[in-house]
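What follows draws every value from the coordinates through simple rules; no lab data is involved. Here the structure is a predicted model, which is why all the values come from computation and not from measurement. A quick note on method: Cβ atoms are made from the backbone with ideal geometry, for glycine too, and the neighbour counts reach across all protein chains shown.
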Amino acid sequence: MKISKILLLSCAFFCSSAYSNDQGSADEFCKSISEMARVIMEKRQQGFDVIKIIKIVEGDELAKQIVLDAYEERMNYTESMKLDSINRFANLWAVACIREQSKNKKPL
């Protein structure tokens, strides 16, 4: 569990501090959102307790929303189905982030 806390906390910190208006930073921000979603869904698929994860990300509303979304997904039992769920979830959050960044992008 210590490694999980470190990963979640570092993702939460990086994701909350990475945003800026230039495209490179926006891309990095969305990449970090995707990675945080991946870690959280991995923990979901491993059967970690949602309350413990919510406590780990306390204070980061985006991370909390990702946790809540992950726990609305079913837990899979085969490794291939777990991996599929993890990849799909990370990609869904990446796409949502990219779309949001595109909406907020200022015209040149």
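A few comments on the model shown:
- Take the Cα of MET81, step 7 Å toward its Cβ, do the same at VAL95, and the gap between the two points is 2.2 nm.
- Order by protection proxy (mean Cβ within 10 Å, highest first), peptides 57-69, 25-37, 92-104: 25-37, 57-69, 92-104
- Contour excess over end-to-end distance, with Cα ends at ARG88 and ILE54 and 0.36 nm allotted per residue: 10.1 nm
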